[in-house]
Amino acid sequence: MKSSGNHNTSCKVPAHVAVIMDGNGRWAKARGYERTAGHVAGVDAVRYVIEAASGLGVKYLTLYAFSTENWNRPAEEVEALLHLIVVSLERETPDLVRNNVRLNVIGDIDRLTDESRESLRRSLDATSRCTGLQVNLALSYSSRWEITRAARRMAEMALEGKIRPEDIDENLVASQMTTASMPDPDLLIRTGGDSRISNFLLWQIAYSELYFSPKYWPEFTGDDFVAAVEEFTGRERRFGMTSEQVSACAPNNTNTLQQ
Ligand code: IPE
Ligand code: IPE
Ligand code: MG
């Protein structure tokens, strides 16, 4: 993996970008291949996007790889996809380390096999000292799973007398999310042509900018990622305020207002 140049020219670069990597099956079908071939082709796109995000100076990249609902797909596809994710991670880990990329997994990984979990653990451990881009792989993840788990944890804390109901505020809720300690995504990209969120980071994307690409995930390139970030930098984020208020804090009228 090589660095894709120094695009990190200003504070307008999003700190956190989330990506719904969609369209592998349709990409394969359009070429007369099995759906699984689309997932295999999608691995290259993951590599290009990690390179591009690193090159731009993005701090967190959250990739939706497998959703809670994806468990309902045909068993052969689920098995092939999870195997591919785990094997690709093992293969890419040395490159991640070389490029100072830290890997993190968010999701209900208790549902994975012991073997997959151990393989994931090895990749996580190998990159744990890296200080560059953090890649959060959303695996067996859904936002409703995450929010339900947070609610259960806060109920337990209340029952144990650690908190009172009135202690539950936005900060406490955020601290129970899998993304605690990270900034919310500034930009959410979805490939594959559909304009929906599919149970991804519902709490965290309250004020994210949304970018929908018609390209299927295996066709998405580092340049496409840079183009999405460039479009993002031209948008005015108002966070409920007026344009005049925002211009007063950010004279360039762009994304200098970070959460
Ligand atoms: C995205 O591609 C990968 C996962 C959801 C795991 P899909 O497999 O959803 O591809 P389409 O949307 O059917 O084309
Ligand atoms: C979203 O894609 C999940 C991932 C990219 C992992 P899906 O293909 O599962 O979403 P829907 O079913 O089209 O909403
Ligand atoms: Mg899909």
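Please identify the DSSP H helices in the chain that span no less than 18 Å along the helix axis (Cα) and have a mean Kyte-Doolittle hydropathy of -1.0 or more. Provide the component values of the computation, followed by the final result.
Working: long enough: 35-56 (32 Å, 0.50); 75-98 (35 Å, 0.32); 114-127 (20 Å, -1.51); 143-159 (24 Å, -0.48).
Helices passing the filter in the chain: 35-56, 75-98, 143-159.
What stretch of the chain, leaving out the sites themselves, is the longest with no GluC sites (Glu not before Pro) in a DSSP loop having at most 15 other Cβ atoms within 10 Å? Don't jump to the answer; show the numbers that get you there.
Numbers: sites that count: 34, 160, 236.
The segment 35-159 is the longest one with no such site.
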*Count the net charge of all other residues whose Cβ sits under 12 Å from the Cβ of residue 139, scoring Lys and Arg as +1 and Asp and Glu as -1.*
0
*Please work out the C-alpha center-to-center distance from the stretch 136-160 to the stretch 170-194 and express it in whole Å.*
14
*Counting other Cβ atoms within 10 Å, keep those with at most 14, restrict to DSSP loop, and tell me which trypsin sites (Lys or Arg not before Pro) in the stretch 108-189 are left.*
129, 162
*Amide H partners (placed H, <5 Å) of residue 133, local residues excluded*: 102
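Let me check I've understood the local charge: for residue 209, count other residues with C-beta under 14 angstrom from its C-beta, Lys and Arg +1, Asp and Glu -1. What total comes out? Please report the intermediate quantities before stating the final value.
Working: positive: 12, 190, 235, 237, 238; negative: 184, 186, 230, 231, 236.
Surrounding charge for residue 209 is 0.
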*Using a 1.4 Å probe over the heavy atoms of the protein chains, calculate the carbon and sulfur portion of the accessible area of the chain as a whole percent.*
50
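What whole-number value in Å² describes the accessible area per residue of the stretch 62-183 for a 1.4 Å probe? Write out the running numbers ahead of the final one.
Details: 6730 Å² over 122 residues.
For the stretch 62-183, the per-residue accessible area is 55 Å².
The values are calculated or read from the model by the stated rules, or taken from the named source; none is laboratory data. These numbers come from a predicted model, not from an experiment. Cβ atoms come from the backbone with ideal geometry, glycine included; neighbour counts cover every protein chain shown. The protein model used for the area step is the full one, side chains on, heavy atoms only, and it has no ligands, DNA or RNA in it. Shrake-Rupley method; radii C 1.70, N 1.55, O 1.52, S 1.80 Å.
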